[in-house]
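A quick write-up on the structure given underneath.
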Amino acid sequence: MNKRLHRFIAIAMTVPALMAGGCHNHETHGDHDAEGNVDAAGEEHHHDKPGIIHLEPADAARYGVAVEVAAAGEFHEAVRVAGEILPSTSDVATASARTSGIVSFLPGMTRGATVKAGQQIARINSKGMTGGDSNTAARVAVENAKRELDRLTPLLADGLITRKEYNDALAAYNSAAAAYSPAAANGAVTAPRAGVITDVVAPEGAYVDAGAPVALISGNGSLTLRALLPASEAEFLPRITGAVITPHGEGSAAVDLAQYGARLLSTSVASSTETPGYIPVYFSFSNAAPVVSGSAAEVYLTGGLRHEVISVPMTSVAEQMGEKFIFVKRNADDYEKLPVRLGRSDGKRVEVVSGIAEGDSVVTGGVSFVRLAEQSTVVPEGHSHNH
């Protein structure tokens, strides 16, 4: 058989042919003894041992297999919960209708649009409404009151009318002017602040009363994390110090909100009425964080610092049939698959309760390729099942 073909088999996009289950027998530089353990030159050889995977050092380097030495150290306890990213309540303003009528948004004024303070985002049209246009009626009332006041002013100076008649006309004008708003009359709905339109409260073509909200404008200052802690974990509440989130769920990069000025806003010992069985926990943080407002996120609420804990990066953990495993490098080209029992995770690392020991060289990178090597049944060049 062609040696190159014998050495490499295409496994998941040209992954090199690798052997699982310890089915290998190193070439010797001397003779095996009766047990096949050590040759005359004293070189050690492996027997077939379950969980041992052979991977040539060159292949390991090629596919990014990396290790770190397991050591007991400091670890923040954490609880994994669900959460969502919200605009900060102190950073949201409402664009309201100044008159009643039908809403019509200007082109481009939809969710996600960036606006300036005072920029018009919609119009309110009262024309054709039952009962007539109240703004037009108010404008006519002001004009009539103004004409009457102008007519009486010189008559008062000539003593042809009483002061009371003049004061009555002045009061009528002031009352009509107060009822009429030029800004409301033009039907403009403007942004009360600079920011982004995060919600459209009144859809296109809807009827609104004066003062009704039309859209929400979120500023560019901060965001809020709303995390839902299960009521069964209520004892963890006093120990919460921070939060690490994965904005797009499992597998995405973790974001430590401490790096973005995270501040714990509030917790409550009572379960939420909106989500029975869960306690809401709120954090405020800078919107410079790589997250999207309105999105869901996987959250690790971090607590107190613990010592002498063995932990590994979450990338080290593999799962098979519901069980968790970690690969440990035993020598230059052999790796062992070990079942482990895990504790809490802080979103970046996970506590290993049992299964590995201090000093073990844990695979932290290229785990998927070690798994493929485990699944390979091809015997690499230079290896044989014959002793």
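Structure data summary
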{"read-out": "Per residue accessible area in Å² of the stretch 252-346, where ligands, DNA and RNA are left out and the probe is 1.4 Å", "value": "50 Å²"}
{"read-out": "Label-point separation in nm, N167 to R62, each point 7 Å along Cα→Cβ", "value": "10.2 nm"}
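The values are calculated or read from the model by the stated rules, or taken from the named source; none is laboratory data. Since the model is a prediction, treat every value here as computed from it, not as a measurement. Every residue, glycine as well, gets a Cβ built from its backbone with ideal geometry; the counts of neighbours run over all protein chains shown. Note: accessible area is taken over every heavy atom of the protein model, side chains too, but ligands, DNA and RNA are not part of it. Shrake-Rupley method; radii C 1.70, N 1.55, O 1.52, S 1.80 Å.
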